[in-house]
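The values are calculated or read from the model by the stated rules, or taken from the named source; none is laboratory data. The shown structure was predicted, so the numbers you read here are calculated from the model rather than taken from an experiment. For neighbour counting, all protein chains shown are included, and Cβ atoms are generated from backbone atoms with ideal geometry for every residue, glycine included.
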Amino acid sequence: MNNQLYPFERNRYYPGKMLTTADFQAEQDYYINKSRFMNSLMYGAGIVCGLSVVSLDDLSILVESGVAIDGTGREIVVDSSVVRKLSAIEGFSELKGNTATLCVRFKEEPVHTVYSVGHKDSDKDYEYNRISEGYEFFLTEKKGRVRDYEIQTEFLLKETLFKSENYVVEIMIPAIVSKGRNVRIVLSAKKLSSEPVRFSGKGILEIPVFATPDGAHELEVGMDDLTLEKGEVCRKDYWVKVQDVPADETNIILKSGSMSAFENDSAVPAIQSFSQKIRLTKDSPLELVNDEIGRMNLEMRGMGGEKNMIRLADIRITRTDNSYLIDGISESSSRKHIAAPAQELMRSHYIEYFEKSVELSGGLSEVVTGSSENQPASKSGTGPEMATGILEIPLGRGVRPGDIRYSGEIAHGLGKGNVYVEIGYEHISDDKSLGGNAKSTIYGDPSLFDTKGRELSNVETAVRVLNDKGTFVVAAKPLGAVDRLVLTYRWVAIKFPAGNELELIEDYYDKSISAETPTVTMGTKESHFFGVKFNNMDACSITYELTAPGSGEISADGIYTAPNKEGVYEIHIYCTDMPVICTYAYAIVKFRNAGDNGSAGSGDAMVLDKESRMR
């Protein structure tokens, strides 16, 4: 059958025109094809209402009345319920498998014979006077049926996280998102083989401009103990909010080394890094979707698919020597419904029983499914006056009493100005009262608490605070023999405001920002996202800048790319509308050795001198 409905031609009438059957046929074709063309564009193909399939007995089925529209826009109307023996339906005798798909298609046939006056064929005195539009059912193999063609557009970005002969796992997100709105990230896993393999995997996405419901800029995605049949797909949704930032684009990055995958508890290789660029816009999601759908041309809409049939149900058949039995009927995997505007009121009423409007961070409501409660973002109790963390000083194997060792330059996160830093020795000892190890911090001289001799390291320490850089360096000098390669200290920094800062403290009291990872070690040309924590304040627009030329590159959304040379590089981070609320982060760039991977966590001290290479 020719499914081409256009171009459209209609009759042109003029005085004296001789009208033939071809002219009257053209008149009908014009209006019929126009109607079907609009049906296919406005509604698509599927079931409008009814047409449910039920089993009456072991041999027969009942198809309820209903309406459908096929791929060429033709209306299929089943005006009353129909009972059929399965063996009497067209296509039954050709079935080879145990599962068949029941379909319906448009069918027209001539009816009402009348005497034909002036018929040229003497043997044909009668003609059909009408054409009846009807339908017919038929059966086809489920495994051999044509699948719907999926229109490929640039609206969704897909990135493969894992692929083996058994599973493929992808992450999907719109290529362009609306500022200040929520967006869904979809993790999809599909089973490729028929082998009984169990899959588990997880990874961490760095999402600079996006925020999770708890305000974080890192999102852990994954699936645990997933078991699927061949061809089955499992999807998991993650909702994040797009922050209203000045930037026009951002990147989503798979955190280096965070992706792990297992099949039947055995580790398998997975992708270790990717970066997807996403555009940011002020347009609403509805405008974005309408714009993308409007880009589809007629050729794209007409590709593939099943134009001349509508699938109703899958029927499982058990065959005997001389007959068959209907084992079951499944509609969910076959049917496709059309959302008719006339049903919108009823649809909205019913959907309220399954959806709930919850508030994500930032006060924006989003309708999501499920019953889990959304917890408000917890705020850190650390204000702008105080910060703390852990640092380590490597001593090396050949350290002698009197040798001086230094920590790396550590960012305390309180910005420039007068800052007091105190360090305490972190010590783990055996505590019989606790039945295990006890951790303590000793500020001052550790030897005063050394009751067993050489249990604690006798080390003299000093702190140098670099007020103009917002950092400090710790020096350690062993006074006696030390049996440790690394000394671990807890540091506490307190900032004292002075001069005109006192007035600013009144306006911004108890508000601050801090880098999620103040110090990071990375290779040349590698990228890292410097996330920001908001302490006792709402999230706001953040500006990133490098404090020295040749320090690499920093994007508007906080993705730092290291230069092609070693060094320590400083990043100034501040609130765009309140520059006084600021912090600093530091990138320690080194040439990577083979097998070297990973970065320092928040509060870790990274050592810059030659001794650090002995760790």
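The number of residues in segment 63-113 that are acidic (Asp, Glu) and under 18 Å from Asp327 (Cβ atoms) comes to 0.
Scan segment 5-34 for residues that are surrounded by 11 or more Cβ atoms within 10 Å (Cβ to Cβ), assigned to a helix (DSSP H, G or I) and among the hydrophobic types (A, V, I, L, M, F, W, C) and jot them down. Of everything in segment 5-34, those that are surrounded by 11 or more Cβ atoms within 10 Å (Cβ to Cβ), assigned to a helix (DSSP H, G or I) and among the hydrophobic types (A, V, I, L, M, F, W, C) turn out to be Phe24, Ala26, Ile32. With respect to the stated conditions, Ala313 fails to be under 27 Å from the mean Cα position of the chain (by Cα), outside any helix (DSSP H, G or I) and modelled with pLDDT of 75 or more. From the list Val589, Val568, Val580, the one residue that fits, being crowded, with 21+ Cβ neighbours inside 10 Å and in contact (Cβ under 8 Å) with a residue 40 or more places away in the chain, is Val589.
With respect to the conditions (1) part of a loop (DSSP other than H, G, I, E, B); (2) modelled with pLDDT under 80; (3) surrounded by fewer than 21 Cβ atoms within 10 Å (Cβ to Cβ), Arg613 falls short on a single one, namely (1). Here segment 530-570 is the region considered, the condition is being of a type in the set (A, V, I, L, M, F, W, C) and over 24 Å from Leu205 (Cβ atoms), and the residue that is modelled with the highest pLDDT is Leu546. If we scan segment 52-64, do we find a residue that is in contact with a strand residue (DSSP E or B) (Cβ under 7 Å, 6 or more places away or on another chain) and under 18 Å from Ser132 (Cβ atoms)? The answer is no; no qualifying residue exists. Note on segment 310-322: residues that are surrounded by fewer than 20 Cβ atoms within 10 Å (Cβ to Cβ) and either touching a residue at least 12 places away in the same chain (Cβ under 8 Å) or of a type in the set (Lys, Arg) (or both) amount to 4.
Examine segment 546-555 for a residue that is charged (D, E, K, R) and either farther than 22 Å from Val245 by Cα or in contact with a Gly (Cβ under 7 Å, 6 or more places away or on another chain) (or both), and state whether such a residue exists. Within segment 546-555, not a single residue is charged (D, E, K, R) and either farther than 22 Å from Val245 by Cα or in contact with a Gly (Cβ under 7 Å, 6 or more places away or on another chain) (or both).
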